[in-house]
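Structure first, then comments.
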Amino acid sequence: MTEVIIVPSPAAGGVLVAEAIVALVRRRADAVLGLATGSSPLPVYTALRPHAALLRDVRGFALDEYVGLPAGHPESYRAVIEREVVVPLGLDPARVRVPGDDLAEGLGYEASLADAGDRYEAAIAAAGGVDLQLLGIGATGHIGFNEPGSSFASRTRVKTLTEQTRRDNARFFAAPDEVPLHCITQGLGTILAARHLVLLAFGAAKAAALAAAVEGPVTSSLPGSAIQLHGRVTVVVDEAAASALRFADYYRHAWVHKPAWQGL
Ligand code: GLP
C-alpha cells in the first residue's frame, strides 16, 4: 500500500522518517539504507544526528551519481553523500557505496562505465538488498535519475539527463553548462526491489509531480508512478507538496486513525 502522511513541516517529516530508520536499525544494526541526495532527504539526515551512535554498522547505497565530473568534485554525489550523510552521522565510509565509485579512474571513462551498473547491482544483492530506500522526486517526475521513459524493469545503468533536470540542478554548479549530460542511476526495477520505499517531497513546486506519482496513471512517462507497484510505500509531504492530491482528506483521516501498533 501507499501511505501518504501530510506533515506540518519538512523538519517534522524528517523526524518521522528518522524514527522509522532508528526502529529498523534497532532490529538490525547493519540494516541497508538506500540513500538519496537532493534537498528532500536532508531533514531526515538532520533528525538522525542524535542517533549517530546507533548507526555505526549501517550500510548504504546511494541512488545515483553524475557521470563526467572530475573525481572529488564537490557536487559529485559521492562528495555530497560524504558531506551530508557519512561524516555527520559517523557512518563507516567503506560501508557506503555510490554507483561507479569502484572505478579508480573516475566516471569519465566510457569503457569502465559499461558494466559499472551490473557491479553495483551485484553489490546491493551481496548486501542482501535495501531495507529502506529514501527517495525524492524531480520536477520531471523522476526518482533517482530515472527520467521519463525509464523502464519499470530497469536496473542500475547510465542515462542521459533531461534538459529540465540539468536546469533544475544548475543551481549547484557555477554555470548551467557544467551540469553533466549523463548520470548513472539505480533503475526503477532496482528501487522497486527495496523492502520499504520512503518518498519525501516538500514545497509547491513538487505538487504536480507528486500527485501524478501517487494518484496518476502508472506510466513510465512519469517514473515516480512506479511506486504504486510497490507493496510498502510511505510518502511524506508538507501541505504545499500535498496541495494537488485528490484524496488528501482521506490520507489525513487514515493517519489520525492509524492503529499505533502499525508503525510506518
Ligand atoms: C536530483 C536527484 C534526485 C532527487 C531530485 C530532487 O535530480 N538525482 O534523486 O530526488 O534531484 O531533488 P530535491 O530533493 O533537491 O528537490
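Some notes on this structure:
- Qualifying residue in the range 235-254 (condition: closer than 26 Å to THR156 by Cβ and part of a loop (DSSP other than H, G, I, E, B)): no
Here is a yes/no grid of residues against (1) hydroxyl-bearing (Ser, Thr, Tyr); (2) touching a residue at least 12 places away in the same chain (Cβ under 8 Å); (3) more than 16 Å from the ligand (Cβ to nearest atom); (4) outside any helix (DSSP H, G or I):
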position	(1), (2), (3), (4)
VAL15	no, yes, yes, no
LEU33	no, yes, no, yes
SER40	yes, yes, no, yes
PRO43	no, yes, no, no
PRO50	no, no, yes, no
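- Failed condition for ILE6, given (1) in a strand (DSSP E or B); (2) of a type outside the set (Asp, Glu); (3) within 16 Å of the ligand (Cβ to nearest atom): (3)
- Per-region count, the range 55-76, residues touching a Phe, Trp or Tyr at 6+ places or on another chain (Cβ under 6 Å) and either open to solvent by 50 Å² or more (accessible area, probe 1.4 Å) or touching a residue at least 60 places away in the same chain (Cβ under 8 Å) (or both): 3
- Residues satisfying the stated conditions in the range 163-188, i.e. surrounded by fewer than 18 Cβ atoms within 10 Å (Cβ to Cβ) and among the small types (Gly, Ala, Ser): ALA170, ALA174, ALA175
- Single unsatisfied condition, ALA175 versus (1) over 25 Å from VAL17 (Cα atoms); (2) near the ligand (Cβ under 10 Å from one of its atoms): (2)
- The range 194-210 residues that are within 12 Å of the ligand (Cβ to nearest atom) and at pLDDT 95 or above, paired with ones that are assigned to a helix (DSSP H, G or I) and open to solvent by 10 Å² or more (accessible area, probe 1.4 Å) (beta carbon under 7 Å, 6 or more apart): PHE202/PRO10
- For the range 240-253, the count of residues that are open to solvent by 40 Å² or more (accessible area, probe 1.4 Å), of a type outside the set (A, V, I, L, M) and within 14 Å of the chain's Cα centre (by Cα) is zero.
- Unique residue being open to solvent by 40 Å² or more (accessible area, probe 1.4 Å) and farther than 27 Å from ASP238 by Cβ when the list is ALA79, ALA114: ALA114
- Residue within the range 42-64 that is under 18 Å from GLN186 (Cβ atoms) and of a type in the set (S, T, N, Q) present: no
- Qualifying residue in the range 191-201 (condition: under 22 Å from GLY13 (Cβ atoms) and surrounded by fewer than 22 Cβ atoms within 10 Å (Cβ to Cβ)): yes
The values are calculated or read from the model by the stated rules, or taken from the named source; none is laboratory data. It should be emphasised that the depicted structure is a prediction, and the values quoted were computed from it without experimental measurement. Every residue, glycine among them, receives a Cβ derived from its backbone with ideal geometry; neighbour counts consider all protein chains shown. Note: areas computed on protein heavy atoms with side chains; ligands, DNA, RNA excluded. Shrake-Rupley method; radii C 1.70, N 1.55, O 1.52, S 1.80 Å.
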